[in-house]
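Note sheet for the following structure.
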Amino acid sequence: MPETTIPANYLPIIIFLVIAFLFGTFTLFFGYLLRPSSPNTDKLAAYECGNPPFMDSRSKVFVRYYLVAVMFVLFDLEVVFLYPWAVVYRKLGLFALGEMLLFILILLFGYAYAWRKGALEWD
Amino acid sequence: MGEQLMVLVKLLWQYSVLQIVIVMSFTLMMVPLLTWAERKVIGHMQVRMGPMRVGFHGILQGIADGIKLLLKENIIPAGADRPIFILAPILSLVPALIAFSVIPFDSWFYITDINIAVLYVLAIASVGTYGIILAGWASNSSYALLGALRSAAQVISYELAIGMALVGPLMMAGTLSLVGITKAQAQGWFLPYQIVGFVVYYIAMLAETNRAPFDLPEAETELVAGFHVEYSGMRFAFFFIAEYANMMVVTAMATVMFLGGWNPPFQGFEAAHFLQKIPGIFWFFGKMFFLLFTFLWVRATFPRFRYDQLMKLGWKVLIPLALANIVMTGVILAIRG
């Protein structure tokens, strides 16, 4: 075995990635050979239930989506911190419980703050 | 000749290529069957027949649809961002397929066993969101963009609940490897101890895969079809395959994390030991297919959520419940040692 930086267990995942990607591109190419193509102006217009689209759709969007994304990054990081703790929990015993209660308490504080400030509302 | 073939097969098995081909073909074969089952099951629940024409009781309906989609014209809208528009379906399909690489179907049948398998599945599932967002963005259609934003916000919100619900079983198993987690359940499933976690996970997995009653991104009456409204032909089919493959991934994860994976039920009872003689792969797929059936059952039963209700359920109910579950599991494990 040649020296690699990727453990051997991960090799099948990369093989699978390549196979799945090739499947995707090959199927699309195969369809390209078979399918008809006769575009015209009306066919290529954006679908708006029959009305001609009157503006570029990439305009302003509701700010709540941005807020959700920010909150997600915050809380998802906390979840990632919970994982290593969960794995070694049984080995560390009471010490781990105390540490984690503290961590979750801080998390809950931030959560309650977001709730109070109305970041979780959607109207 | 036969000997050489055996050597080749062994080599392919060793490098997991054979398993990859089997798992991928199986997944891609299951998609038309699942779409058929969905129409058939919901049809019968609504006292009608469902598809009947193509094959025995319409069983080839999904394959007929696939061939039709392959032969359909693919339209790229004039205002679309072409490279991203073409890339998005593949970006949606590939993660849905490769998430299977760590799922243990039986003690001897899995593609690979890595020590961060749970994190891997969660990470790969997140990559699928890029496909949705990019599809909506590249289409340059109001419906597609709105659907994509909704879908992305929904998926990331419920991903938190999924991530937290899985912490409970992880604490009990003490490993992130899915094979290890299944082995930790050889004496009993985690389900009875993690009933709250399972309920949170179940609701969140419906939302994560954009299924009814949380299928707002596709809400056909208001957004037509959501993020893939501008897609046609095989590109549309890729989104469809990805959705069904994702359904299989989340149900397989539920099977491994809560329902004991390949382990038979009632391990603790002497009378039920004959169940051990049935190969584990049947147990695994039995549980998985039952969960998939409940997906359809739920769709036929519940009306769709409103978007604010959906966000409220995810952020204000499921996340506190999952956190409480973590604390409870921690306390009980600390007491019982």
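Please indicate, with yes or no, whether at least one residue in the range B:3-16 is touching a residue at least 24 places away in the same chain (Cβ under 8 Å) and within 13 Å of chain A (Cβ to nearest Cβ).
Taking the range B:3-16 first, the residues touching a residue at least 24 places away in the same chain (Cβ under 8 Å) are B:16.
Applying the additional criterion that residues be within 13 Å of chain A (Cβ to nearest Cβ) yields B:16.
Within the range B:3-16, one or more residues are touching a residue at least 24 places away in the same chain (Cβ under 8 Å) and within 13 Å of chain A (Cβ to nearest Cβ).
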task = Within the range A:12-50, work out how many residues are under 18 Å from B:I98 (Cβ atoms) and more than 8 Å from every other protein chain (Cβ to nearest Cβ).
result = 4
ask   = Which members of the range B:74-106 meet the condition of being more than 9 Å from chain A (Cβ to nearest Cβ), crowded, with 17+ Cβ neighbours inside 10 Å and either β-branched (V, I, T) or not in a helix (DSSP H, G or I) (or both)?
value = B:D81, B:I103, B:P104, B:F105
query = Only one of (1) in a helix (DSSP H, G or I); (2) closer than 19 Å to B:M248 by Cα fails for B:S157. Which number is that?
reply = (2)
query = Does the range B:188-232 hold any residues that are at pLDDT below 90, more than 14 Å from chain A (Cβ to nearest Cβ) and under 21 Å from B:M328 (Cβ atoms), and which are they?
reply = B:G188, B:W189, B:L191, B:P192
task = Tell me which residues, restricted to the range B:134-143, are in contact with an Asp or Glu (Cβ under 7 Å, 6 or more places away or on another chain), in a helix (DSSP H, G or I) and open to solvent by less than 30 Å² (accessible area, probe 1.4 Å).
result = B:A138, B:S139
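Out of all the residues in the range B:317-331, which are touching a residue at least 12 places away in the same chain (Cβ under 8 Å), more than 10 Å from chain A (Cβ to nearest Cβ) and surrounded by fewer than 17 Cβ atoms within 10 Å (Cβ to Cβ)? Spell out how you get there, then give the answer.
First, pick out the residues of the range B:317-331 that are touching a residue at least 12 places away in the same chain (Cβ under 8 Å): B:318-319, B:321-326, B:328-330.
Filter once more, keeping what is more than 10 Å from chain A (Cβ to nearest Cβ): B:318, B:321, B:325, B:328.
Answer for the range B:317-331, where residues must be touching a residue at least 12 places away in the same chain (Cβ under 8 Å), more than 10 Å from chain A (Cβ to nearest Cβ) and surrounded by fewer than 17 Cβ atoms within 10 Å (Cβ to Cβ): just B:M328.
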query = Among (1) in contact (Cβ under 8 Å) with a residue 12 or more places away in the chain; (2) open to solvent by 40 Å² or more (accessible area, probe 1.4 Å), which single condition is B:P192 missing?
reply = (1)
Residues of the range B:155-168 that turn out to be out of contact with any Ser or Thr (no Cβ under 9 Å at 6 or more places or on another chain) and either open to solvent by 10 Å² or more (accessible area, probe 1.4 Å) or more than 7 Å from chain A (Cβ to nearest Cβ) (or both), as a count = 5
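Filter the range B:1-57 for residues that are out of contact with any helix residue (DSSP H, G or I) (no Cβ under 8 Å at 6 or more places or on another chain) and farther than 30 Å from A:Y10 by Cβ; which is modelled with the lowest pLDDT? Spell out the reasoning first.
The initial filter retains those residues of the range B:1-57 that are out of contact with any helix residue (DSSP H, G or I) (no Cβ under 8 Å at 6 or more places or on another chain), namely B:1-8, B:10-11, B:14, B:22, B:25-26, B:29, B:43-44, B:47-48, B:56.
In the following step, the residues that additionally are farther than 30 Å from A:Y10 by Cβ were identified as B:1-3, B:43-44, B:47-48, B:56.
Details: B:M1: 69, B:G2: 79, B:E3: 84, B:G43: 91, B:H44: 91, B:V47: 90, B:R48: 90, B:F56: 87.
So, considering only residues that are out of contact with any helix residue (DSSP H, G or I) (no Cβ under 8 Å at 6 or more places or on another chain) and farther than 30 Å from A:Y10 by Cβ, the one modelled with the lowest pLDDT is B:M1.
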task = Taking B:G131 as meeting all but one of (1) at the interface with chain A (Cβ under 8 Å from one of its Cβ atoms); (2) farther than 13 Å from B:M253 by Cα; (3) surrounded by 20 or more Cβ atoms within 10 Å (Cβ to Cβ), write down the number of the exception.
result = (1)
Every pair of residues 6+ apart whose Cβ atoms lie under 7 Å, when the first sits in the range A:17-30 and is within 14 Å of B:A237 (Cα to Cα) and at pLDDT 90 or above while the second is open to solvent by less than 50 Å² (accessible area, probe 1.4 Å) and not in a helix (DSSP H, G or I) = none
remark   = Taking the range B:226-265 and keeping only residues that are in contact with a Pro (Cβ under 6 Å, 6 or more places away or on another chain) and of a type in the set (D, E), one is left with B:E230
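If I go through the range B:14-46 residue by residue, how many of them are open to solvent by 90 Å² or more (accessible area, probe 1.4 Å) and part of a helix (DSSP H, G or I)? Walk me through it before giving the result.
Here is the first cut: in the range B:14-46, the residues open to solvent by 90 Å² or more (accessible area, probe 1.4 Å) are B:14-15, B:29, B:39, B:44, B:46.
From what's left, part of a helix (DSSP H, G or I): B:14, B:29, B:39, B:44.
Qualifying residue count for the region: 4.
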note = Taking the range B:47-60 and keeping residues in a helix (DSSP H, G or I) and open to solvent by less than 30 Å² (accessible area, probe 1.4 Å) leaves B:G58
query = Has the range A:56-75 got at least one residue that is more than 30 Å from B:F227 (Cβ to Cβ), surrounded by 13 or more Cβ atoms within 10 Å (Cβ to Cβ) and more than 9 Å from every other protein chain (Cβ to nearest Cβ)?
reply = no
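The values are calculated or read from the model by the stated rules, or taken from the named source; none is laboratory data. Model, not experiment: these values are computed from the prediction. All Cβ positions, even for glycine, are placed from backbone atoms using ideal geometry, and neighbour counts span all protein chains on display. Heads up: the accessible areas ignore ligands, DNA and RNA and are worked out on the full protein's heavy atoms, side chains in. Shrake-Rupley method; radii C 1.70, N 1.55, O 1.52, S 1.80 Å.
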